[in-house]
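The next block holds one structure in the form of structure tokens; read it before the comments.
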Amino acid sequence: MASDRTPPRLYARGMSTSIAPVTTPLGGPSLPQERRLETAIPGPRSQELLARKAEAVAAGVGHTVPIAAVAAGGGVVVDADGNSLIDLGSGIAVTTVGNAHPKVVEAIAAQAAQLTHTCFMISPYESYVEVAETLNRLTPGDHAKKSALFNSGAEAVENAVKIARKFTGKQAVVAFDHAYHGRTNLTMALTAKSMPYKSGFGPFAAEVYRVPASYPFRDGLSGQDAAARAISMIEKQVGADNLAAVIIEPIQGEGGFVVPADGFLPAVVEWCRANDVVFIADEVQSGFARTGAMFASEHFGIVPDLITTAKGIAGGMPLAAVTGRADIMDATHTGGLGGTYGGNPVACAAALAAMDAFENDGLIERAQEIETLLTGRLREIAASDPRIGEVRGRGAMIAAEFVDPETGAPDAALTGAVAKACIAAGVIVLTCGTYGNVIRFLPPLSIGDDLLAEGLDVLAEALGTV
């Protein structure tokens with residue numbers, strides 16, 4: 001452990017000398033795979049960093065877990081005080097392949113030693129092309145596809161809308177209730193929830209319309225009925241002749257991990273195809289093995305015209321993409337797409353390594369195993385606690401919605417208290433949902449069964465004491 005005089009920036013170096021090597025499942029740093037609390041959370045060193053953060057970082061940049069992270073791998077995150085927390089968040093579905101996965105680390109180091117940047121729009125390089133080729137192959141559908149690379153999920157969504165508008169010559173875009181698509185001006189307009197994502201940041205981009213999504217737990221509608229409701233509103237309030245694109249997350253993320261009723265997405269896609277409207281699947285959070293399929297769209301039998309990806313694509317490096325029908329992707333004039341850092345060579349190298357792992361290391365199957373473990377234990381807890389209104393999700397993208405057992409009304413206070421208690425006990429969980437009443441489980445696919453079970457035991461204990 002670093003001495004008390006070690007500057008905070010060296011905590012990670014000090015920590016590394018005190019961690020015994022232990023093999024972790026599916027790769028990652030050799031960290032002991034255990035929940036371990038050396039101090040209360042936050043410990044003194046974490047408190048020092050948080051104090052510095054308060055002085056140096058804009059107040060609008062919040063944090064969920066009050067620690068100073070110094071290492072992560074397998075299913076744990078280690079802080080500067082020596083605490084080892086079970087990771088059920090994956091940095092919001094980013095480290096799906098596992099934090100510091102050996103293939104990703106090796107690829108990053110090799111590429112960084114060769115070149116770190118030329119800008120693909122200035123001097124192209126093979127890794128960008130290879131990422132595009134891989135995305136064209138892996139995304140749903142066997143039609144001709146092309147891709148363009150960007151930096152973040154919001155940037156990918158914004159460019160997907162640009163492409164759809166250019167292709168159709170129309171301007172209107174339809175998004176859905178409970179949607180989250182990003183924090184840029186256009187993507188804030190697409191996002192449904194005001195606080196904290198939109199409040200006070202308007203005016204927002206024009207020609208964005210919102211219709212109800214399928215939320216079976218709350219609306220009780222079949223997929224066909226929910227689709228008919230949405231389509232009727234689109235036809236009456238927007239009109240197909242004005243509509244460039246419909247965008248939706250196949251499984252809604254920040255809105256509460258809402259899984260639409262069977263038949264909802266296919267009916268919306270069918271209507272889009274019949275009316276020359278581009279259907280965009282936002283798979284930023286749900287893509288790359290997260291849901292027990294390479295992409296969540298596969299669960300519903302749909303083939304998007306365009307698909308946006310980011311988060312898990314590059315094992316923690318910033319990268320995003322729009323992939324879709326070649327004729328749509330080619331509608332934009334030369335120079336209309338791009339960006340200085342989009343498709344950075346180091347990020348591309350990481351993505352190729354991560355996608356290789358997703359495809360060849362059994363991670364899709366691992367996500368399916370995690371689904372069985374998570375849903376089984378959560379439903380067992382829910383059977384004896386009516387405050388859990390529903391357990392839902394796919395793969396390693398599972399949620400529990402908390403409600404007032406008498407009325408079924410969302411219970412955000414309970415949700416926040418349970419999440420806070422879990423974090424204090426050394427388990428990282430994240431909340432979400434339009435009503436703030438959902439705890440989501442996004443473990444890295446490198447986590448072991450024992451840590452998953454222990455994390456859920458902590459959740460059950462927290463629920464019993466709140």
### Query
Which one of these is under 21 Å from ASN242 (Cα atoms), part of a loop (DSSP other than H, G, I, E, B), in the same structural domain as ALA293 (by TED's automatic domain parsing) and of a type in the set (Lys, Arg): LYS170, LYS166?
LYS170
### Query
Which pairs have Cβ atoms under 7 Å, sit 6 or more apart or on different chains, and link a residue in segment 217-232 that is among the acidic types (Asp, Glu) to one that is part of a helix (DSSP H, G or I)?
ASP219/ALA226
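Quick check on THR64: is it in contact (Cβ under 8 Å) with a residue 12 or more places away in the chain, out of contact with any Pro (no Cβ under 8 Å at 6 or more places or on another chain) and either surrounded by 20 or more Cβ atoms within 10 Å (Cβ to Cβ) or not in a strand (DSSP E or B) (or both)? Give the derivation first.
Numbers: in contact (Cβ under 8 Å) with a residue 12 or more places away in the chain: yes; out of contact with any Pro (no Cβ under 8 Å at 6 or more places or on another chain): yes; either surrounded by 20 or more Cβ atoms within 10 Å (Cβ to Cβ) or not in a strand (DSSP E or B) (or both): yes.
Here the answer is yes, as THR64 does meet what is asked.
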### Query
Looking at ILE328, is it β-branched (Val, Ile, Thr) and part of a helix (DSSP H, G or I)?
yes
### Message
Within segment 373-414, take every residue that is small (Gly, Ala, Ser) and assigned to a helix (DSSP H, G or I) and give me the one that is surrounded by the most Cβ atoms within 10 Å (Cβ to Cβ).
### Response
ALA382
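Filter the helices (runs of 4 or more DSSP H) completely within segment 181-293 down to those with at least 2 residues that are of a type in the set (A, V, I, L, M).
The helices (runs of 4 or more DSSP H) meeting that bar are 185-190, 223-237, 264-274.
Can you confirm whether ASP142 is over 23 Å from the mean Cα position of the chain (by Cα) and either closer than 16 Å to ASP330 by Cα or not aliphatic (A, V, I, L, M) (or both)?
Numbers: over 23 Å from the mean Cα position of the chain (by Cα): yes; either closer than 16 Å to ASP330 by Cα or not aliphatic (A, V, I, L, M) (or both): yes.
Answer is yes for this residue.
Could you check segment 71-127 and list, in sequence order, the residues that are in a loop (DSSP other than H, G, I, E, B) and polar (S, T, N, Q)?
Filtering segment 71-127 down to residues in a loop (DSSP other than H, G, I, E, B) leaves 74-75, 80-83, 88-89, 94-101, 115-125.
If the condition is that a residue be in a loop (DSSP other than H, G, I, E, B) and polar (S, T, N, Q), then ASN83, THR95, THR96, ASN99, THR116, THR118, SER123 are the ones that fit.
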### Query
Mind checking whether some residue in segment 332-347 is in contact (Cβ under 8 Å) with a residue 12 or more places away in the chain and under 16 Å from VAL97 (Cα atoms)?
yes
### Query
So which residues in segment 415-440 are buried (at least 21 other Cβ atoms within 10 Å of the Cβ), among the polar types (S, T, N, Q) and in contact with a helix residue (DSSP H, G or I) (Cβ under 6 Å, 6 or more places away or on another chain), if there are any at all?
ASN437
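The values are calculated or read from the model by the stated rules, or taken from the named source; none is laboratory data. Note that the structure is a prediction, hence the values are computed from the model and not measured. Virtual Cβ from ideal backbone geometry, glycine too; neighbours counted across all protein chains shown.
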